[in-house]
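The values are calculated or read from the model by the stated rules, or taken from the named source; none is laboratory data. Because the structure is a prediction, the values reported are computed rather than measured. Heads up, the Cβs are rebuilt from the backbone with ideal geometry, glycines too, and the neighbour counts pull from every protein chain shown. Protein only, heavy atoms only, side chains kept; ligands, DNA and RNA dropped before computing areas. Shrake-Rupley method; radii C 1.70, N 1.55, O 1.52, S 1.80 Å.
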Amino acid sequence: MHSHLTLRLLGSGSKSGTCPAVYAAETGELVVQGDITDRTGTVLVPHVLLDWLEPGMTLPVEATNAPGKFLVSGEQVTAPEVLAQLRLADHETAVVVR
């Protein structure tokens, strides 16, 4: 993952603009912030995040048995420069989707 990604918030599922959230990077990648799951590189997010995608953007999702929620998989965000742009709670992480 690029350590120099600059993120632009597309939208969030909370009024504070934090988790869950979806960001666009200048590289065309999406960064999705959500709840940690038992699968590395996978976050759990509500379906409302799809409403924030701009025309032409897609987000591959996987169904769950949690009502109104789905899984998004990608490369785990580990770069400190990118993590510094997010406000992650202890139960959250983020993934990059290409």
Total residues in the stretch 72-98, condition part of a strand (DSSP E or B) and either more than 12 Å from PRO20 (Cβ to Cβ) or in contact with a helix residue (DSSP H, G or I) (Cβ under 7 Å, 6 or more places away or on another chain) (or both): 5
So, in the stretch 67-98, how many residues would count as being of a type in the set (A, V, I, L, M, F, W, C), open to solvent by 20 Å² or more (accessible area, probe 1.4 Å) and out of contact with any strand residue (DSSP E or B) (no Cβ under 6 Å at 6 or more places or on another chain)? 4
Is it the case that THR27 is part of a loop (DSSP other than H, G, I, E, B) and closer than 20 Å to ARG8 by Cα? yes
Working only within the stretch 79-98, note down all residues that are farther than 16 Å from THR37 by Cβ and over 13 Å from the mean Cα position of the chain (by Cα). ALA79, PRO80, GLU81, ALA84
What are the residues in the stretch 41-62 that are open to solvent by 20 Å² or more (accessible area, probe 1.4 Å), assigned to a strand (DSSP E or B) and at pLDDT 95 or above, if any? LEU44, GLU62
Consider the stretch 9-40. How many of its residues are among the polar types (S, T, N, Q), over 21 Å from ALA63 (Cα atoms) and exposed (fewer than 15 other Cβ atoms within 10 Å of the Cβ)? 3
